[in-house]
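Asker: Structure incoming, see below.
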Amino acid sequence: MLALVAVQFFVHAAGWTMTARLFKGWRAPEGQFAAAWLALSAGLLLYVPPLASGHALRNLGDLLIVGSAVMQHRGMALHWRQAPPDRAAAVLLGVTALVVLASLDQPGGHGWRVAAVCVGVATMMLATVALVWRHGGDTSPLFARAIGAGYALMALVLLVRAAQALVVGTASKVSIDAPRTSNVALVMLVMLIGGLMNLAQIRLVLGKVLARLTTQAHTDQLTGVANRRGLLRSIERIHERAMRGDPGYVVLMVDVDHFKAINDAHGHEGGDRVLQRVAQALQRGLREGDIVARWGGEEFCVLLPRIASAAARALAERLAQQIAAEGDPRVTVSIGLAAAGVAGESADGVIRRADDALYGAKRAGRNRVEASLAAQAEPQVA
């Protein structure tokens, strides 16, 4: 039975080892999960041979099992970008080793060794429950409750096993490695919980990968700001809220003046540096919650939620002045402004009006801000 559990956990380790090769190796959360399942599998396999209690290989298995719990918690901490509790983990492993060594010449030493391992693993499990709830409860409360319940259940089983090892006689105790058919249910429970823990870890990694892919899909690779797709997703959401009565918004279309001449004079690399500089200047000059995106070529689009037209125009003029005052080569921008507020207008309509205003700014001589003449309704500000 124990060998079957060990084989299942070894399969988990093999899967995580392949996954770790796609990320940052053993130092990544995926690598820690691989090491945890491998250590747990090896520790359980050392219990398969009919060795006497207190044998050196069994003692090594004890430490590997506790070490596996430390590594799985370390992987969870790294996943949420937290400092792993390495010092506390080292203390836990040291105390476990001391208890194992001190119990070797004691009459009830076997019970103490089992209890030390179970308490050590349960401690790390409960620490993981606290970590998951603290960092996963806000983003995915249902998942956090599910994974927390799984880890807590495993910790409870281990604590009950620790108490049993200390107070129940050898003849009547229930042990996962005892040669009795009554332990099949316990083996199945351990395999089920282990499988659920592995699925939870997979869910975390897939969530991280999907978040990374989503970010990449909505980010301009050159400038690091949002791309057109990301901007449209945001403006549709804000536009729907505005149509339901939420405060309105303003769109700015920003275009780098004479960009072709910049490319001709400084090459495409120089033009790319100008675009990066303009994107950074726009980000620095905006409020928290404002969104800047590269619309295409040398054109940027800025989304200003919850702002009045006059304040938006003053902000746009400050942005234009800031961009013109810094950097080499010196560049200027033309800006078109459109405020949402026309009854029945779509988000695309607001963007088109901002674009029309931008061309008005260019026709008027560039390096200036022009507002859409159609924006007659003043957006409400909270």
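Asker: For a quick check of your reading of the filter: which trypsin sites (Lys or Arg not before Pro) in the stretch 1-60 sit in a DSSP loop and have no more than 14 other Cβ atoms within 10 Å?
Answerer: Answer by residue number: 24.
Asker: Per the helix-only calculation at 222 nm, which mean residue ellipticity applies to the chain, given -39500 (n - 2.57) for every DSSP H run of n ≥ 4 and division by its residues, nearest 500 deg cm²/dmol?
Answerer: -22500 deg cm²/dmol
Asker: On alpha carbon coordinates alone, what is the Rg over Rh value for the stretch 228-371, Rh being the Kirkwood radius?
Answerer: On the way: Rg = 14.8 Å, Rh = 15.2 Å.
With Rh from the inverse mean 1/r over Cα pairs, Rg/Rh is 0.97.
Asker: How much net charge surrounds residue 39 when only the other residues with a Cβ under 14 Å from the Cβ of residue 39 are counted, with Lys and Arg +1 and Asp and Glu -1?
Answerer: Summing Lys/Arg as +1 and Asp/Glu as -1 gives 0.
Asker: Evaluate the distance, in nm, between pseudo-label points positioned 7 Å from the Cα of residue 326 and of residue 81 along their respective Cα→Cβ axes.
Answerer: 2.3 nm
Asker: Count the DSSP beta bridges whose two residues both fall in the chain, then state the antiparallel fraction as a percent rounded to the nearest 5.
Answerer: Once the DSSP bridges in the chain are tallied, antiparallel ones form about 85 percent.
Asker: While we're here: Out of all DSSP beta bridges with both ends in the stretch 228-371, state the antiparallel percent to the nearest 5.
Answerer: If I count the DSSP bridges inside the stretch 228-371, around 85 percent turn out antiparallel.
Asker: Using a 10 Å cut-off on Cβ atoms, rank the peptides 198-204, 30-36, 285-291, 126-132 from the highest mean neighbour count down.
Answerer: Going by the mean number of other Cβ atoms within 10 Å, highest first, we get 30-36, 126-132, 198-204, 285-291.
Asker: Just checking my list (i) 25.8; (ii) 49.6; (iii) 24.8 against mean projected area of the Cα convex hull in nm² computed from this structure; which label fits?
Answerer: (iii)
Only the coordinates and a few stated rules stand behind these numbers; no lab work does. These figures come from a predicted structure and were not determined experimentally. Cβ coordinates were reconstructed from backbone atoms using ideal geometry, including for glycine residues, and neighbour counts include every protein chain displayed.
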